[in-house]
1. Could you name the lysines whose alpha carbon sits less than 28 Å from that of LYS132, not counting residues in the same chain fewer than 8 places away?
2. From the phi of every residue in region 382-399, what ³J(HN,Hα) in whole Hz does the Karplus formula 6.51 cos²θ - 1.76 cosθ + 1.60 yield, where θ is phi - 60° and glycine or proline is x?
3. Considering amide H positions built from the backbone, and no H for Pro or chain starts, which residues 5 or more places from SER298, or on another chain, come under 5 Å of its amide H?
4. Could you work out the equivalent-ellipsoid semi-axes for region 173-314, taking the square root of 5 times each eigenvalue of the Cα gyration tensor, largest first, in whole Å?
5. How about LYS408: which lysines have a C-alpha closer than 18 Å to its C-alpha, ignoring those fewer than 8 places off in the same chain?
6. Label GLU197 and ASP140 with points 7 Å out from Cα along Cα→Cβ: what is the distance between them in nm?
7. For a quick check: with amide H placed at 1.01 Å from N, whose amide H comes under 5 Å from SER116's, ignoring anything fewer than 5 positions away on the same chain?
8. Step through the table entries LYS87/LYS372; LYS87/LYS382; LYS290/LYS312, compare each Cα-Cα distance with 18 Å, and write down the pairs that go over it.
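The values are calculated or read from the model by the stated rules, or taken from the named source; none is laboratory data. Note that the structure is a prediction, hence the values are computed from the model and not measured. Using ideal geometry, Cβ is built from the backbone for each residue, glycine included, and neighbour counts are taken over all protein chains shown. Ligands, DNA and RNA are excluded from the accessible area calculation, which covers all protein heavy atoms including side chains. Shrake-Rupley method; radii C 1.70, N 1.55, O 1.52, S 1.80 Å.
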Amino acid sequence: MDRHDPDFVTQDERGVLTERRPLSRRARTISWIVGIGAIVVLVALAVFLSQGGSSSGKAGAGRSGGGPGGGGRRGGMSAPTTVGTAKAALADLPVQVEALGTVTPAATVTVRPQVSGTIVQLLYREGQIVRKGEPLAVIDPRPYQAALMQARGALVRDQAQLENAKLQLARYNTLLNQDSIARQDRDTQAALVHQLEGTVLADRGTVQQAQINVGFTRIVSPVSGRVGLRVVDIGNYIGAGDTNGIVVVTTLQPIDVEFAIPQQQAPEIQKRIAQGAQIPAIALDSTRTKTLDTGSFSTLDNRVDTTTGTIKGKARFPNAAFQLYPSQFVNARLTIETVQNAVTVPPAAIQSGPSGPFVWLLKNDRTVTERKVKLGVAVADKTQITSGLALGETVVTDGADRLNEGAKVALPGDAPPERGQGNGKRRNRSGGQGG
């Protein structure tokens, strides 16, 4: 041991060096036990003080009524939730199908001339409404009138030859009966009569063809509709069957709307068609707020488009006010049927849960209970309840997300609770009853 080591040597106040004796093993154990005990006491004291402060805070909150959900009521009771309500009512709900459609004219005809010639008259204005059979243009008819005269002349000539041949045949028959002529001469004359009869028939066909060509020089509209922009002018030479034609006429009254619906909705429509029912149709603008025209459903296509899973359909509209225009995009709405006297509630009353849709039913004691329901037809502002709710029962429509089973609720028109009515004993001074 080094006597100069400070761990083993100490110096008193007189400066005399003395030797320090090390602690024994027993003394060390006692010191450790005392230290651990002191730490345990300090921890227990800290826990006690923290629990006491929390209890006093809760008591103060209970007395003041200012805790969460207290709503200013005594005794820590939460204020009832204010909710909006509605009663289940009867209504007629339409079963509707909506689809985006394209306006398609009932007929679009390019008027092509049947004969060639020079246009000498145009009898229409661009955009004019024309009727079926109304003249549109005139091709120079003089060449065709001349051909008609030639055909008629050939017919008259051949008819005269036929009459002469018939008279000659009658003479030959008389001479044959008198055995004054050979039968061969008589048969030759009879064959000439048949030949001339065929020539006369051909001449008559030529005359009819010439008459038709003369009629084709006056071009008329094959359908009723609106005339498009002018394609040719007076003085132009146009050939028979020209690709561009004289003009294009589009039928606007009536007019069709073609649309596509999901294949799942086709059976409902086909069922109504099989029953002989007429399905009303409405054409709406792009915003679905303005009705352009009302008509009826026409037909469905005979196959499903496998790429989209839809079926094309068509509805026809009278288009009396010309609100529908070819190639216009509109929204078609079909009313397949109408559910009569359905029990309905606002869509906001319908809640979704793990076991399906339900509503919060308001009871007479101003508490709510969960009621499972089955839904039917849904429209913009009404939803049908097929089971689970009776007519006249009240359901919660606003504030349902803050409710639970048996919760107390208040309505917007209810008066606020009086101060001091939390425990039912303390009343105001004028009541004569103290706490």
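1. LYS314
2. Per residue, the Karplus-derived 3J(HN,Hα) values read 9, 10, 7, 10, 7, 7, x, 9, 9, 4, x, 5, 9, 10, 7, 10, 9, x Hz.
3. LYS314, ALA315, ARG316
4. Working: eigenvalues 798, 155, 39 Å².
Gyration-tensor ellipsoid for region 173-314: 63, 28, 14 Å.
5. LYS363
6. Simple spin-label model gives 4.3 nm for this pair.
7. ALA240
8. The answer is LYS290/LYS312.
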